[in-house]
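These notes concern the structure reproduced below.
The values are calculated or read from the model by the stated rules, or taken from the named source; none is laboratory data. All values reported here derive from a predicted model rather than from experimental measurement. As a convention, Cβ positions derive from the backbone with ideal geometry for all residues, glycine included, and neighbour counts pool all protein chains shown. Heads up: the accessible areas ignore ligands, DNA and RNA and are worked out on the full protein's heavy atoms, side chains in. Shrake-Rupley method; radii C 1.70, N 1.55, O 1.52, S 1.80 Å.
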Protein chains: 2
Amino acid sequence: MFKVTFKFESGEGVEAFAASGENLLEVARKTNVAIDAPCSGNAACGKCRVKLLSGALDSQKTRHISDEEYASGWRLACVSKITEDVEIMVPDIASAYKSRMKAADLSSPQEIKIFEDAKRDLQEAGLELKNSLSLIPVEMTAPTLDDTMPDVERLERAVAAATGIKRVRIPYSVLKELPDKLRQYEFQVQCVVRCTSRDVFVYDIYGKEETVRAGGLVVDIGTTTVSALIIDMLNGDILAKATTGNGQIRYGADVINRIIESRKPGGQKKLQDAVIKETINPLIHTMCRTSGLKTSQIYRMSVGANTTMNHLFTGINAEPLRTEPYIPAFFKTNAVFANDLGIDINPDAHIIIAPNVGSYVGGDITAGTLTSMIWNKPELSVFIDLGTNGEIVFGNQDFLMSCACSAGPAFEGGDISCGMRATDGAIEACTIDPVTMEPTFHVIGEEGQKPVGLCGSGIIDVISELFRCNMISPKGKFIREGKRIRHDKYGMGSYVLAFQEDAGSVKDVEINEVDIDNFIRAKGAIFSGIQTLISSLDFDVSMVDNVYVAGGIGSGINMKNAVGIGMLPDIPLEKFHYIGNSSLSGSYAMLLSAEAERKVYELARSITYVELSTTPGYMDEFVAACFIPHTNTALFPSVTQVEISG
Amino acid sequence: MFKVTFKFESGEGVEAFAASGENLLEVARKTNVAIDAPCSGNAACGKCRVKLLSGALDSQKTRHISDEEYASGWRLACVSKITEDVEIMVPDIASAYKSRMKAADLSSPQEIKIFEDAKRDLQEAGLELKNSLSLIPVEMTAPTLDDTMPDVERLERAVAAATGIKRVRIPYSVLKELPDKLRQYEFQVQCVVRCTSRDVFVYDIYGKEETVRAGGLVVDIGTTTVSALIIDMLNGDILAKATTGNGQIRYGADVINRIIESRKPGGQKKLQDAVIKETINPLIHTMCRTSGLKTSQIYRMSVGANTTMNHLFTGINAEPLRTEPYIPAFFKTNAVFANDLGIDINPDAHIIIAPNVGSYVGGDITAGTLTSMIWNKPELSVFIDLGTNGEIVFGNQDFLMSCACSAGPAFEGGDISCGMRATDGAIEACTIDPVTMEPTFHVIGEEGQKPVGLCGSGIIDVISELFRCNMISPKGKFIREGKRIRHDKYGMGSYVLAFQEDAGSVKDVEINEVDIDNFIRAKGAIFSGIQTLISSLDFDVSMVDNVYVAGGIGSGINMKNAVGIGMLPDIPLEKFHYIGNSSLSGSYAMLLSAEAERKVYELARSITYVELSTTPGYMDEFVAACFIPHTNTALFPSVTQVEISG
C-alpha cells in the first residue's frame, strides 16, 4: 500500500492509501476528493488535471497536457497509476465544475419573479394555488379520572371534529411523542395535517401559541446541477433557495456514463448516495439554516428530474433505460417517502416525483411543460430545456409532442476545456471587437471577480462573436491570426479570453477548436431536434408563435447569439422567452397546488414521445446542422458576418 | 477505572470497566450480562446472587446470603460496589429466570392442539378464517419497442386485472427491485398482496415457478416471558414456535419498575431495545432458521401484550399509565410498521397490536378474551390470565367486565427464591407424602433432568401439598419438623425439595416462608379480584358455569391444588379449563382471520374496565384472601387437611 496525499489550493489536505497500480482517479473517488471527470475517466475531456508535488506516477501523456505542463508535474488523474507514495495538488479549477454550494440571494427580484410569474400564469389558467397541507387548531379537554380516553383516541376525535374527516391517521413518528407533547402543551395544540377526500394524516403537533411553519422541499435534480427551494406550504412563500453541483458528476458527465457506473458492484448505492447524501441533504441543511426551519418541519417534497436521474435518485436499476427496448421502471410512482431514501426531512414526507414520459423525457420536462404554459394556448409553441440533455416539447392546447436530443453537458460547461457551471467566476456574456479581436465580458460574482471559465451562455456568446467577427469558419476552425489566437503543436487553434495573469485560475481561460466542435454538435442536436419534431407533423418553424427556452445555462441567454450560431431557428427575436429553470418552477407549482400536480400527471399522459434516433431524416438534419449557423444558410437569413478587410 | 471480569459456569467470560463505587448490577446491565433483578435492584428479591472469585467488593450483608455463603464469596450484585479489580462468577441459576430461548417441539400434539382448538372455536362462532393476504399469479407480456409501458405501470395494470381492484400500491421496497425481478423472471411472476376494499398492496414478487410461503409473526409480549409463532398466512399452519425471557427483566420484574426505569435518561430506548433487539429479533431469527423462511417473507405481525408492554415495545412514554389519571397513549393504533420499530421482518409489515382496554387491562387480555370464547356463550364465565399481572374478565354474550390484580411475578417464578419460568429444570408438579413428608415431583426437560427451581404450577402444588399435609399453617408458617424442614438463624422456615447434591443447581431447591408469603399475596389478589368483580354485579361464584385459566404458568395447572390454596373459587373442578397462552392464541387468531381481528376490536370496545383499587370492599376481600385457603373457610368446603397423629 502506498500513501496518497491530496492537497488543495485552500491549504487543506486528505490522505488515502492505495494499492500498487491503482488508478489515481479511483483513489480520489473512494476518498471523496472531488476531481471532475465528465468523460467518466476515459482521457477524453482532460478535466481531471492534477499536479504532482512529490513522488512519481505511472501516467500516460495525452493531448490535454502540454510537454511543459507534463514537465512541471501536470497529469490527468484518469490515466495515472500509483507506484509509490505521492503528494498530489488538486487545483480548484478541477473542482470548479462541481462548484461550491450557492445559497441564492432571495432579495433579488429576478430570482423571485420567475416563481411569481409561474403562480400568476397557473392562476390565470384556472388552477387553484392550494395544496392538501394545512395547520389546524386542535383543542382538547385534559383527561381526568372520569374521562380516561387515551391520547390517540382523544386526538383522533378532536382532529375529526376539526376537519370533518372521519378517518384520522396518526403515524408512528407522531404517536411516539404523543403523550409527551399533549402534556407539554396541556392538550391545547395545533396540528400540521394533510387532508384528502379519504382521510386526514397528522404530520406534527405544536403548542397552541407556537408560530408554525410547514415547509416543503422542491428539488430540480439536473445531471450536472441540483437546485432546490424550501417553501412555506401554507402561503407559497419561498423561504430559501440553493444550488450546487450534482455529486454524481465524478461518475461521468452524462446519463449514459452514470448508468454504466451504477451497474458496477455497489454502484447503484454509490450513485444514490452521491445525489442524496452528498448533494441534496447538504442543500437541505444549508437552506434550513437560512430559513430557520427544522428539517423535520419539511412535510412534503417534489422532484423534477430526467428519467435517469429519477432512477438513480430512487436507487433503482437504470440499465433498462439504455438497452433496447428502453423501458423505465416507472412513469409515475406515488409510494416513495423521505424515510425510504434517507432524505433529511420529516420521515413521513411524501416525495412527489414529476412523472416521466419516456426513457429520455422525464419529470423535469413534464414539470417544465406545466410552467411553460404551452398547453394552455391555441398558438403553436416550442418549449426547449437546455440541460445536459436537450428536450423539446412542441404543441398547443390540443396536442403535445416531445423528443430528446443528446446534447451532452456543453450547455452547462461540460465537455469544454474551460467550461464551468453558471456560478462565481463564469463568463456569462461576451462581445468581441471585430477589429482588435479583444473580448469584453461579464463575469458572475461580486465586483472584481476574475474569470475562471465559461458557462453555457458565455460559450454561445463567444462562438457567435468569433463567427460574426469572421475569426472562425462555419466548421469552427480559426481563420484569423492575432495575439489571442494561437495554435498548439498539433495545430489546434484556440482563442484566449483571459491570460493567466488576469484570470482567477491556474491557466489561461480560453476556448479551443475541440470545445467549439463539441459545442457545434450540441447546438446541432438541438436545432435538428426542433426541425425534426416540427416537420414530423408537417409544420414549419414559421408557424411557431412562441419559443420558451429553459435551463441553467446562465442568468439568461442571448437569443440573438443563440440564433447566430444556428442553435435556435431564425424567427423574430420577440418570439423567444427565457423562462429560467422550469423544472424547478414546475416542481414548485406541483408542491404548492394540488391542481397543478394533477395537471402535470395529465400533461404527462398527453405528451407523445418521439424517438429521434428512429425518426427518418433526423441524422441528415443533425449533420446539416453541425455548421455555423447551418449548411443551408437560407435557414438563417438574419445571421451576418463582419467584413474584415484582409 | 477497575476491571470487572464476569465468568459464567459455561466457562465463557466477559470483561468490563467500572468506576470506583459503581454498582455491580449496573455494570452487569451495561455489559449486557444477564443477572436477574426482579425487584429492580432493591435487595428485596435476593435473585442477583453472584460469587466473588478474586478481589473484593464493598457489599452489604442481607438476609438472602447466609454467613457461610458470604464467607465463601456469595454476594448480591445489587448491593455491591466496585472498589478494585474483581472476578465475578455469574451462576446459571441467576440467569435461569431469563432462560435460554426455547424452540418448541411442534410435533407435540399438545402444542398444536391449543391453536387447532382456537381455530375450531372461532369457526363454530361463525368467524371466517381468512385474512387479507394472498398470493396471486401475475403474468405480463415482456416490453418491446412497440410496447414500452414502464415496469410499474405494467405491474399495476396486471395486478388490477388479476384482483379486480383498481388502486394498486407498490411500496418502495418492491419498486426498488422491480426492474431486476421482472427481468429475472421474464415478466412471469407471482405477487404476495394484501387486498382490502380500498386497494391492493404489493408486498413481494416471486417467479412464477417458485414455491412461495407468506409468513406472519405472532408475538405475546409478557412482562416476564415472550412467546412467538411464525405462521403460514395462506393456510394458517404454524411453522415455528419459540419462547424466551423478556430482555427487560433486568430493569425490574413488574410493569411499575419497568416504567420507572424507562423514565431515566435513555431509558425508553433501552427498554425498547431490550424487548425488540434482544428478545423479539433473536426469536424471529431462531424461528426463521427452523422454518426456512427469510425474515423478509414475514409480511404481517400481531402482538398481544399488556398496556405497559405495548408502550415500552413501541417506545412511547408509559409514565401517564402509572400516574393519575392513568391514561394510556392508545387503546388502538393502526399506524405502526416493522420498519418503524426495527423489527427484523419485511419493512412494510403492518404491526397489529391487540387493543388495550385500560391502563392495566391490555391487548393480551382482549386477544385472550377472543379465544376464551366467553363472549359467545349465554352462560356466565370467568376468564383469568395468570401472568405477572393477573387479569380477570367476567361475563357472557351480553356483557363483559374486566379488572386487573397486581399479582406480581410469582406465577412465573418471580419473587420466589428458587422460582423460575416453566422451562428445563423447573419442577412443574409435586405431591408430598403426608407421613414421610418426602416430595415426588415432575421436572420439565428430558429424562433425568435435575431440578433447578420451581415454576408457577409447581409452586401451587407445593404450597397446596404443604397445607394439605398440615406442614404449614393458614398463614404459611411451618408447623411440623423434619429433615426437609429447617429454620435459619432469623427463624425463617423452609422446605427443601431437592438437596444440592440432587439438584441441577448451586444450592438446595427449596421454598421458604417469604416465598410462601409472596405467593399467598399473589393468589389472594387473584381470588379477591374474582370475588369483587363478580359481586360488583350482585352475582355469586355459584352462578359461574366456566372458568378459563390462561397463562404461561406451566404446561398446565392442577386446578384442585389451585382451589386448595384458595386461589380459585371452590366450584366443581369440571368447570375449570386451562387454555394455555391465550394472548398468543388470540393474537394468532387476529393474524389469521380478518374477522377475528375485527372481533377483538369489537370486544375491546365492549369490555367495561373496573378499577379494583377504587372499588369499595376490594381491600377487605384481599386481606381476607391472604390465608390458606381463606379466612372464611366456609368459602372452601372441599379443602381438607390430613390429620396428623401428633
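Taking residue A:229, is it of a type in the set (A, V, I, L, M) and either on the phi > 0 side of the Ramachandran plot or open to solvent by 20 Å² or more (accessible area, probe 1.4 Å) (or both)? No: the conditions fail for residue A:229.
Restrict the check to segment A:211-220 and report whether at least one residue is acidic (Asp, Glu), touching a residue at least 12 places away in the same chain (Cβ under 8 Å), in contact with an Asp or Glu (Cβ under 7 Å, 6 or more places away or on another chain) and closer than 30 Å to residue A:277 by Cβ.
Within segment A:211-220, the subset acidic (Asp, Glu) is A:220.
Narrowing further to those that are touching a residue at least 12 places away in the same chain (Cβ under 8 Å): A:220.
If we keep only those that are in contact with an Asp or Glu (Cβ under 7 Å, 6 or more places away or on another chain) as well, we get A:220.
Still in the running and closer than 30 Å to residue A:277 by Cβ: A:220.
Yes, segment A:211-220 contains a residue that is acidic (Asp, Glu), touching a residue at least 12 places away in the same chain (Cβ under 8 Å), in contact with an Asp or Glu (Cβ under 7 Å, 6 or more places away or on another chain) and closer than 30 Å to residue A:277 by Cβ.
Restricting the search to segment A:178-194, which residues are under 36 Å from the mean Cα position of the chain (by Cα) and open to solvent by less than 40 Å² (accessible area, probe 1.4 Å)? Full working, then the answer.
Initially, segment A:178-194 is screened for residues under 36 Å from the mean Cα position of the chain (by Cα), giving A:191-194.
A:191, A:192, A:193 - these are the residues of segment A:178-194 that are under 36 Å from the mean Cα position of the chain (by Cα) and open to solvent by less than 40 Å² (accessible area, probe 1.4 Å).
Is it the case that residue A:430 is in contact (Cβ under 8 Å) with a residue 60 or more places away in the chain and under 19 Å from residue A:412 (Cβ atoms)? Talk me through it step by step, then tell me what you get.
On the way: in contact (Cβ under 8 Å) with a residue 60 or more places away in the chain: yes; under 19 Å from residue A:412 (Cβ atoms): yes.
So residue A:430 fits the description; yes.
Conditions (1) at pLDDT below 95; (2) open to solvent by less than 90 Å² (accessible area, probe 1.4 Å); (3) not small (Gly, Ala, Ser), marked per residue:
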{"site": "A:80", "(1), (2), (3)": "yes, yes, no"}
{"site": "A:87", "(1), (2), (3)": "yes, yes, yes"}
{"site": "A:90", "(1), (2), (3)": "yes, yes, yes"}
{"site": "A:93", "(1), (2), (3)": "yes, yes, yes"}
{"site": "A:96", "(1), (2), (3)": "yes, yes, no"}
{"site": "A:104", "(1), (2), (3)": "yes, yes, no"}
{"site": "A:126", "(1), (2), (3)": "no, yes, no"}
{"site": "A:136", "(1), (2), (3)": "no, yes, yes"}
{"site": "A:140", "(1), (2), (3)": "no, yes, yes"}
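Against the conditions (1) under 21 Å from the mean Cα position of the chain (by Cα); (2) open to solvent by 20 Å² or more (accessible area, probe 1.4 Å), residue B:362 satisfies every one except (2).
Of the residues making up segment A:568-577, none is closer than 21 Å to residue A:398 by Cβ, open to solvent by less than 10 Å² (accessible area, probe 1.4 Å) and part of a helix (DSSP H, G or I). Enumerate the pairs (first residue in segment B:310-323 and within 10 Å of chain A (Cβ to nearest Cβ) and under 17 Å from residue B:338 (Cβ atoms); second residue anywhere and assigned to a helix (DSSP H, G or I) and open to solvent by 10 Å² or more (accessible area, probe 1.4 Å)) with beta-carbon separation below 6 Å, excluding pairs fewer than 6 apart on the same chain, so at least 6 apart or on different chains. Going by the 6 Å Cβ cut-off, the qualifying pairs are B:315/B:268; B:315/B:272. Considering (1) in contact with a Gly (Cβ under 6 Å, 6 or more places away or on another chain); (2) under 24 Å from residue A:143 (Cβ atoms); (3) open to solvent by less than 10 Å² (accessible area, probe 1.4 Å), the lone condition that residue B:304 does not fulfil carries the number (2). Need pairs with beta-carbon distance below 6 Å; first residue among the β-branched types (Val, Ile, Thr) and within segment A:475-502, second not in a strand (DSSP E or B); sequence gap 6+ or separate chains. That search, which allows pairs on different chains as well, returns A:479/A:473; A:496/A:484; A:496/A:508. Listed by position, the strands (runs of 3 or more DSSP E) enclosed by segment A:437-553 that each have at least 3 residues that are open to solvent by 30 Å² or more (accessible area, probe 1.4 Å) and of a type outside the set (Lys, Arg) are A:439-443.
Name the residues in segment A:578-597 that are assigned to a loop (DSSP other than H, G, I, E, B) and among the hydrophobic types (A, V, I, L, M, F, W, C), would you? So that I can check it myself, show each step before the final result.
Here is the first cut: in segment A:578-597, the ones assigned to a loop (DSSP other than H, G, I, E, B) are A:579-581, A:593.
Residue satisfying the conditions is A:579 alone.
Check whether at least one residue in segment B:151-164 is farther than 27 Å from residue B:280 by Cβ, of a type outside the set (D, E, K, R) and open to solvent by 90 Å² or more (accessible area, probe 1.4 Å), and report yes or no. Give the derivation first.
Restricting attention to segment B:151-164, the residues satisfying the condition of being farther than 27 Å from residue B:280 by Cβ are B:151-164.
Among the residues that remain, those that are also of a type outside the set (D, E, K, R) are: B:152, B:155, B:158-164.
Add one more test, that the residue is open to solvent by 90 Å² or more (accessible area, probe 1.4 Å), and what stays is none.
Looking for residues that are farther than 27 Å from residue B:280 by Cβ, of a type outside the set (D, E, K, R) and open to solvent by 90 Å² or more (accessible area, probe 1.4 Å), one finds none in segment B:151-164, hence no.
Could you tell me which numbered condition residue A:410 fails, if it satisfies all but one of (1) open to solvent by 10 Å² or more (accessible area, probe 1.4 Å); (2) assigned to a helix (DSSP H, G or I); (3) away from chain B (no Cβ under 14 Å)? The number of the failed condition is (1).
Scanning segment A:487-508 turns up no residue that is within 25 Å of the chain's Cα centre (by Cα) and either closer than 24 Å to residue A:473 by Cβ or modelled with pLDDT of 95 or more (or both). Looking at segment B:137-235, the strands (runs of 3 or more DSSP E) lying wholly inside it that each contain 3 or more residues that are more than 10 Å from every other protein chain (Cβ to nearest Cβ) and under 30 Å from residue B:551 (Cβ atoms) sit at B:215-221, B:225-232. Whenever a residue of segment A:32-60 is under 30 Å from residue A:279 (Cβ atoms), its partners that are modelled with pLDDT under 75 and aromatic (Phe, Trp, Tyr), lying with C-beta atoms within less than 7 angstrom and at least six residues away or across chains, give the pairs A:36/A:97; A:47/A:97. Look through segment A:334-363, keep the residues that are within 17 Å of residue A:297 (Cα to Cα) and of a type in the set (D, E, K, R), and return whichever of them is nearest to the other protein chains (Cβ to nearest Cβ). Filtering first and then ranking leaves A:348.
Counting just the residues of segment A:624-646 that are outside any loop (DSSP other than H, G, I, E, B) and in contact (Cβ under 8 Å) with a residue 24 or more places away in the chain, which one comes out farthest from residue A:521 (Cα to Cα)? It would help to see each step written out before you state the result.
Our first condition is that a residue be outside any loop (DSSP other than H, G, I, E, B); within segment A:624-646, this holds for A:624-625, A:633-635.
Retained after the next criterion (residues that are in contact (Cβ under 8 Å) with a residue 24 or more places away in the chain): A:624-625, A:635.
On the way: A:624: 10, A:625: 8, A:635: 18 Å.
Per the criteria, the residue is A:635.
Please verify whether residue B:600 is assigned by TED's automatic domain parsing to the domain that holds residue B:535, open to solvent by 30 Å² or more (accessible area, probe 1.4 Å) and in a helix (DSSP H, G or I), treating the condition exactly as stated. Judged against the criteria, residue B:600 is not a match.
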